[in-house]
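Asker: I have a structure here, written as structure tokens, and I will follow up with some questions on it.
The values are calculated or read from the model by the stated rules, or taken from the named source; none is laboratory data. Keep in mind the model is a prediction, meaning the values are calculated, not measured. Glycine gets a Cβ as well: all are built from the backbone with ideal geometry, and neighbour counts include every protein chain shown. For accessibility, only protein heavy atoms count, side chains too; no ligands or nucleic acids. Shrake-Rupley method; radii C 1.70, N 1.55, O 1.52, S 1.80 Å.
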Amino acid sequence: NCTRIVRHTLTIRGAFFMVKFSPEEKIQAVKEYLSGNDGGKTIANSIGVHASVLHKWIKQYEQFGEFTFEKRYTSYPAQYKLDVLNYMNEQGTTMLDQAFDRLTDEDKLLNHSD
């Protein structure tokens, strides 16, 4: 059975702030749903999210597995960022061009097999 997680939400002047969930918490909720012991609404209510959020996690998990919840971002040093901006300025490229080129390279690495 899924350990029930009580989330406290914060509302300031009518603005609602969501609580973030760790990858492990998301996986636990998804696996509880997939086990068939409880329904989506029951599980979502027990962890303090809307059922649509849980169903989004389930779809992500079914499509990509546990990997989908891992954080995939990198922190770059200021000098590297300046070098990229200078390159973009010199080459006349946009941030979208650079992002596309980077994603394409990462995709090649992920799909490369020896």
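Asker: Set the Förster distance to 35 Å, then compute FRET efficiency between residue 96 and residue 20 from the Cβ-Cβ distance, nearest 0.05. Before the final figure, lay out the partial values.
Answerer: On the way: r = 28 Å, r/R0 = 0.79.
The computed FRET efficiency comes out at 0.80.
Asker: Now for a different question. When Lys and Arg each count +1 and Asp and Glu each count -1, what net charge do the other residues less than 11 Å away from residue 55, Cβ to Cβ, add up to? Walk me through the intermediate numbers first.
Answerer: On the way: positive: 41, 56, 59; negative: 62.
For residues surrounding residue 55, the net value is +2.
Asker: Please sort 31-38, 77-84 by packing, taking for each peptide the average over its residues of neighbouring beta carbons within 10 angstrom, highest first.
Answerer: Details: 31-38: 13.8, 77-84: 10.0.
Descending mean neighbour count gives 31-38, 77-84.
Asker: Run the 1.4 Å probe and let me know the accessible area of residue 56, rounded to the nearest 10 Å².
Answerer: Probe radius 1.4 Å; accessible area of residue 56 about 110 Å².
Asker: Can I ask one more? Could you calculate the contour length gain from residue 88 to residue 70, that is, 0.36 nm times the residue separation minus the distance between their Cα atoms, to one decimal place in nm?
Answerer: That pair, residue 88 and residue 70, stretches by 3.5 nm at full extension.
Asker: Please report the net charge: other residues with Cβ closer than 11 Å to the Cβ of residue 22, K and R +1, D and E -1.
Answerer: Details: positive: 20, 26, 71; negative: 24, 25, 70.
Residues near residue 22 contribute 0 overall.
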